[in-house]
Amino acid sequence: MGSLSTAQSRATRTAALIATEDEAVTVAGSLAGVFALPAAMAADAIETRLDLLSRSGLFGISVPTEQGGIDVSNTVLAEVCAIASGQSETLGRILAGHFVGVEHVRSQGSDSQRSTVFSAILAGARLARAFAGETNILAFLPSGLGWRLSGTALSTPHARHADWLLVPVRQDMKTAGLLLSAHGEALRYPGENQVLFEDVLVDGDALLHPIGEAGAHAVPRALDLLLQAACRLGAARHALHAFWDDPACHPGTAGGLSARLAAAGAMLAEAGRAIDGAQIGLADQHRTNAFLAAVDALAAAEDAEVSIRQAAGNESRSAPHLAGILEESGTLRLAEHRRQPHEET
């Protein structure tokens, strides 16, 4: 059954308590160094590192204060992901997926769901995310008092070792999220970042509140874009440091790339503050502003990383979905512009 309670069948873990934002950044740096070390791909080596991550307390830093967390700012969340990605892309993606999952529960979960999930996260539980692409459509159909879920999706790294899996579905023409146990009997993991749902029976406890079209620019999506940008920023920092080590590195080129990277970092910080405002603001404009700021940050971070890799002669890694996101943000900006009366000159 796809209920929240099944995720708690694993042995209870005791996680450290991270008390400050500075401590969160320090822990992220230490864990990034561990994940960057060469290791055998044996399951026990992976599980050992993931267990260390769970016990570090880092998963709980975005839990709201009323639920026992310290609710760090989104700028700090971005910096944590950037630091992690600077040494381990896998760690950065694990953390980003988890933090966005936490925000989905915070924004769309019921009181009972938030209480259950957040208490488990503070003890070391992790959320992973599934992504259904155009060719991997998930079938989510009514079945008695619940639903059945079938299909194949991509996932954040090492989802099989997570506690819950956040799955996007369509219900009544609206987007909703399912929070399923990552260890359900009807779940399979056929590939490194794949998950197969074999006619999973889902009950109402697993369904987060659906969001309509007005929620297209809701806080979880803005945070997702921000943390994508943070992972790109971390990779760009790493690439720039490697470029500096090249004796042929020209000072002018190094200065220009450094400035571009600094500008991207400033845009990430601004986007983090905008998302902070959207989490407490009631107006739709707060959420729209957060989405637009996050898009700007992602575009700037990708531009910085691609420029650095091109200058260093490395293959660039351009995000294929960025064009669609930029088109969406451009549509919003044009609509806002055309609503404003033009001043006569």
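If I model a spin label at residue 209 and residue 111 as a point 7 Å from the Cα along the Cα→Cβ vector, what separation in nanometres do I get? A separation of 1.3 nm, rounded to one decimal place. Largest GNM mean-square fluctuation among 192, 79, 89, using the chain with Cα springs under 10 Å: 192.
Short-range pairs are left out: with C-alpha atoms under 8 Å and at least six residues apart, the relative contact order of the chain is 18 percent.
Only Cα pairs under 8 Å and 6+ residues apart enter the sum, and on that basis the relative contact order of segment 24-98 stands at 39 percent. Decide, for segment 185-270, between rounded, prolate and oblate: order the square roots of the alpha carbon gyration tensor eigenvalues as a ≥ b ≥ c, take rounded if a/c falls under 1.5, and otherwise choose prolate if a/b is larger than b/c, else oblate. Cα axes put segment 185-270 in the oblate bin.
Where in the chain are the helices, taken as whole DSSP H runs, whose Cα atoms extend 30 angstrom or more along the long axis and whose Kyte-Doolittle mean reaches at least -1.0? It would help to have the intermediate numbers written out before the result.
Working: long enough: 219-244 (37 Å, 0.58); 251-280 (44 Å, 0.51); 284-311 (41 Å, -0.08).
Membrane-span-like by this rule: 219-244, 251-280, 284-311.
Given springs between every Cα pair under 10 Å in a Gaussian network model of the chain, which of 130, 242, 82 has the largest fluctuation? With Cα springs under 10 Å in the chain, the top fluctuation among 130, 242, 82 is at 242. Across segment 62-115, the relative contact order, built from alpha-carbon pairs under 8 Å that are at least six residues apart, equals 25 percent.
Estimated from helices alone, the mean residue ellipticity of the chain at 222 nm is -17500 deg cm²/dmol (sum of -39500 (n - 2.57) over DSSP H runs with n ≥ 4, per residue). Just the number: Rg to Rh for the chain, Cα atoms, Kirkwood Rh, two decimals. My calculation of the ratio gives 0.98.
Please give the length that would be gained between residue 198 and residue 19 if that part of the chain were fully extended, namely 0.36 nm times their separation in residues minus their C-alpha to C-alpha distance (nm, one decimal). Before the final figure, lay out the partial values.
Details: separation 179, 0.36 × 179 = 64.44 nm, distance 4.11 nm.
Residue separation times 0.36 nm, minus the Cα-Cα distance, leaves 60.3 nm.
The residues of the chain present an accessible area of 47 Å² per residue when probed at 1.4 Å with all protein chains retained. Counting protein heavy atoms only, the chain has 55 percent of its accessible area on carbon and sulfur, 1.4 angstrom probe. Taking 7 Å steps out from each Cα toward its Cβ at residue 328 and residue 30 produces label points 3.8 nm apart.
The values are calculated or read from the model by the stated rules, or taken from the named source; none is laboratory data. Computed from a predicted structure; not experimentally measured. Reconstructed Cβ throughout: ideal geometry from the backbone, glycine too, with neighbour counts over all protein chains shown. We work out accessible area using only protein heavy atoms, side chains counted, and drop any ligands, DNA or RNA first. Shrake-Rupley method; radii C 1.70, N 1.55, O 1.52, S 1.80 Å.
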